[in-house]
Amino acid sequence: MLKGTILKGIGGFYYVDTAEGVIECKARGRFRRTVGKPMVGDRVELELQPEDGTGFLTEIEPRRTALIRPPVANIELLAAVASAAPPQTEPFLIDKVLAIAEHKGMEVLVILNKTDLDPADALYETYQKAGIPVLRASAETGAGIDALRERLKGKISAFAGNSGVGKSSLLGRIDPTFTGAVGEISDRIGRGRHTTRHVELIPFAGGYLADTPGFSAFETEQMDLVLRDELQYAFREFAPYLNDCQFTGCAHVCEKGCAVLSAVADGIIPKSRHESYKRLYESVKDLKEWELKKGCLKK
């Protein structure tokens, strides 16, 4: 019995990285009645078919993490790729990615790309102040790429970000064998024509790298959600203040005596991060747990 990691899945076929190479497999139907459809990133057992060298997936190991969008399992580090150069990244998109990753127990990283065009000083300062690891890089010049390689070694890592910020270009710098197609920026609409259509893991330095579709490929509302009562814990810079609010059950939105709001007013918590928190809170404040289970994977 062989074990391996699913690198990609296309049309009902799964390509599994094993000690004997990459093997094309099909899944047995019973998975739909247990863990559901196999996902890229799943650790699996497979049974080889000696007649043609293909295989059947027989077991899927328990998932440490799972995302709906992008559909990938066992991510250890989720990197939000952003840019202050066109197409500029809205901080809310970065913060939503980070909140989901923090909630699911993943390591987080903010990568500021295209720093040869704009050093993204405001974004850099925001995430440094929030205590979130942040790296500046340029896929064009190669600046910051060595430091990024070090952060990714030995992990299953995924990149997420709005189209055109250069996720595939960064991956190409990190590993020249990466073949993801990279689109040009549309001068007319200011968005990227990124051609990545599915998640695929690429073996890299004892781990794997994944590229993911840009945010323009789907509505952000379709991403994994964090329930209202858990959202405060997905913003790490809130932690020192959560027990100091005047009233129990404080939502940290506009309440009197809120220690988080005081920290925002004092400039300790970045205002843009709190604005993102309020937008996320508003979107999930009436969401019930059964609705989350129906529409999204839980941690």
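With respect to (1) outside any loop (DSSP other than H, G, I, E, B); (2) open to solvent by 30 Å² or more (accessible area, probe 1.4 Å), the lone exception for L7 is condition (2). Within the stretch 279-299, the set of residues being exposed (fewer than 14 other Cβ atoms within 10 Å of the Cβ) and modelled with pLDDT of 85 or more comprises R279, E282. When the stretch 225-278 is filtered for residues that are touching a residue at least 60 places away in the same chain (Cβ under 8 Å) and touching a Cys at 6+ places or on another chain (Cβ under 6 Å), only L225 remains. Restricted to the stretch 60-77, and to residues there that are outside any loop (DSSP other than H, G, I, E, B) and touching a helix residue (DSSP H, G or I) at 6+ places or on another chain (Cβ under 9 Å), the residue that is farthest from G12 (Cα to Cα) is L77. Among residues of the stretch 138-165 that are in contact (Cβ under 8 Å) with a residue 60 or more places away in the chain and closer than 20 Å to E90 by Cβ, those with a beta-carbon under 8 Å from a residue that is open to solvent by 20 Å² or more (accessible area, probe 1.4 Å) and among the β-branched types (V, I, T) at least six positions away or on a different chain give the pairs G164/I185.
Taking the criterion of being part of a helix (DSSP H, G or I), surrounded by 20 or more Cβ atoms within 10 Å (Cβ to Cβ) and hydrophobic (A, V, I, L, M, F, W, C), the residues of the stretch 83-111 that qualify are I94, V97, L98, A99, I100, A101.
Looking across the stretch 14-47, the residues that are among the β-branched types (V, I, T) and either at pLDDT 80 or above or open to solvent by less than 30 Å² (accessible area, probe 1.4 Å) (or both) come down to V16, T18, V22, I23, V40, V44. Within the stretch 223-264, can you find the residues that are open to solvent by 20 Å² or more (accessible area, probe 1.4 Å), in a helix (DSSP H, G or I) and aliphatic (A, V, I, L, M)? Selection gives A239, L261, V264.
The values are calculated or read from the model by the stated rules, or taken from the named source; none is laboratory data. What you see is a predicted model, and the numbers here were worked out from it, not measured in a lab. Neighbour counts run over all protein chains shown; Cβ positions are idealised from the backbone, glycine included. Just the protein is used for accessible areas: all its heavy atoms, side chains included, with ligands, DNA and RNA removed. Shrake-Rupley method; radii C 1.70, N 1.55, O 1.52, S 1.80 Å.
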